[in-house]
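Remarks on the structure that follows.
The values are calculated or read from the model by the stated rules, or taken from the named source; none is laboratory data. This structure is a prediction, so every number in the text was calculated from the model and none was measured. Ideal geometry is used to build each Cβ from the backbone, glycine not excepted, and the neighbour counts take in all protein chains shown.
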Amino acid sequence: MTTDGDRIAREAAAARQRVALSANEDTSPSKNVRERFGGRMLGDIMDRPGALNDVRAMIPRLAYPDRVTLFSARDKAGKSTFTSAGVAGLSMSGPFLGERCEIGKTVWIAAEEHEDDLAKRLSDQGAHRDRIVIYGKLDRPLDDLDEIVADERPDSVVVDTLPTFVESLIEGSADTGWSKIMSRFTRIARAHHCAVILPTHSNKNKPGYRDSTRIGAGVDVILEMTAPDEGSPIRNFTAKARFTRMPAFSVRLADNGLYELVSGELSLEARTYAAIAGNPGISKNSVRKAVGGNASATDATVTRLRAIGRIENRGTDDHQKWYVVDAGHTSGHTTEQARPNVKPLGHGVDTVETHHDGGGVSGTDPLRGDDLDTPVDSVLDNYQREWDDE
């Protein structure tokens, strides 16, 4: 008589045999198949430098390498002004919302706005004249954009606005058309290693972007801007992303046409820099304590800030003493360039001598820690003043 125990034992033995046989089989796919269709072994992706790091914003809260941001707001609410302020910061590696932008080139597709109006606003916002290329509306929107990006090789692309840019491509079922369009934007971002920003319109009577839900399904970040009251200089933001948690934040439009962060959680890099700037000579463990969260992530951020010349260790590897790199300790990064108002900070990152927003960050909480009680807002004032002093 066969018992349940006997049956389970036989099934387990058969399973072990199948595993043993499969281990001896050559199940490797053809190399040509992977090359043709872009297949990658997980381990190969994990071994690629930076693949497992947190995604770093090129423009804080707005633009991310290889990824697409959908940015919605009501008509004439200031989405183009906010986007151009971020792009101006990117062109000069300047401050934006209390943090520092990367430095890079932008292709701006002005599908609605007159190029003269856009140029004046960017000039007022301190943009570098040779790092932003402006195109008008294109006859073959996505094909032409792909060709332009391949030739220009920008770090970021702005398509302002999305509905006007692709209006000739939307026929019949909007859902079907939008799926194909958004997939193309994603391929452009991934293939050309650029951030793509798509300003669009919000609904009139409810939260969210206008048109098909497939628009949002095809992007990496959804950013929505609203005004609390008509005429208010404050703009409130909500954000969602595939790759990280993005808390809500608020900004204020200053008299100089730029934006100041008035509420919202600072990025890991900004918190790490603030801890070091506010506590010169701080140790490795104290940096971790001040920043909080994952210690390995904080260590990686310290490594990056050191690599781009923002901080330096004046102690030893065993007894680290971290300082920000200020005008008095530039570690030799003083070579002047032919470009006006720009000099290198090191490792391909530039800093600006005269173009900055001059604004600090208010409404932030103090750093927490027994011996680390410097308010973040005062530390970020120092963070901003570096561009003033250089």
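Worth a mention:
- Yes/no for THR238 being more than 30 Å from GLY293 (Cβ to Cβ), β-branched (Val, Ile, Thr) and either in contact with a strand residue (DSSP E or B) (Cβ under 9 Å, 6 or more places away or on another chain) or free of Cβ contacts under 8 Å to residues at least 24 places away in the same chain (or both): no
- Qualifying residue in the range 232-241 (condition: assigned by TED's automatic domain parsing to the domain that holds GLY104, charged (D, E, K, R), in a loop (DSSP other than H, G, I, E, B) and out of contact with any Pro (no Cβ under 7 Å at 6 or more places or on another chain)): no
- A Cβ distance below 8 Å, combined with a sequence gap of six or more or placement on separate chains, defines the contacts here; from the range 277-298, residues that are assigned by TED's automatic domain parsing to the domain that holds ASP318 and part of a loop (DSSP other than H, G, I, E, B) reach residues that are at pLDDT below 95 and among the β-branched types (Val, Ile, Thr) in the pairs ASN279/THR374; PRO280/VAL324.
- Candidate set from the range 117-131 (those that are part of a helix (DSSP H, G or I) and in contact (Cβ under 8 Å) with a residue 40 or more places away in the chain); member that is surrounded by the fewest Cβ atoms within 10 Å (Cβ to Cβ): ASP124
- Considering residues of the range 264-305 that are among the basic types (Lys, Arg) and modelled with pLDDT under 90 only, the residue nearest to ARG245 (Cα to Cα): ARG271
- Residues of the range 152-172 that turn out to be without any contact (Cβ under 8 Å) to a residue 12 or more places away in the chain and assigned to a helix (DSSP H, G or I), as a count: 1
- Filter result for VAL149 (in a helix (DSSP H, G or I), within 27 Å of PHE96 (Cα to Cα) and either at pLDDT 95 or above or within 22 Å of the chain's Cα centre (by Cα) (or both)): yes
- Some residue of the range 194-216 being outside any helix (DSSP H, G or I), under 11 Å from THR69 (Cα atoms) and of a type in the set (S, T, N, Q): yes
Okay, residues lined up against (1) without any contact (Cβ under 8 Å) to a residue 40 or more places away in the chain; (2) closer than 19 Å to ALA307 by Cβ; (3) not assigned by TED's automatic domain parsing to the domain that holds VAL159:
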residue: ASP47; (1), (2), (3): yes, no, yes
residue: LEU62; (1), (2), (3): no, no, yes
residue: ASP75; (1), (2), (3): no, no, no
residue: THR81; (1), (2), (3): no, no, no
residue: ALA85; (1), (2), (3): no, no, no
residue: GLY94; (1), (2), (3): no, no, no
residue: LEU97; (1), (2), (3): no, no, no
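- In the range 218-238, residue surrounded by the fewest Cβ atoms within 10 Å (Cβ to Cβ) [restricted to those that are over 24 Å from VAL107 (Cα atoms) and of a type in the set (Gly, Ala, Ser)]: GLY231
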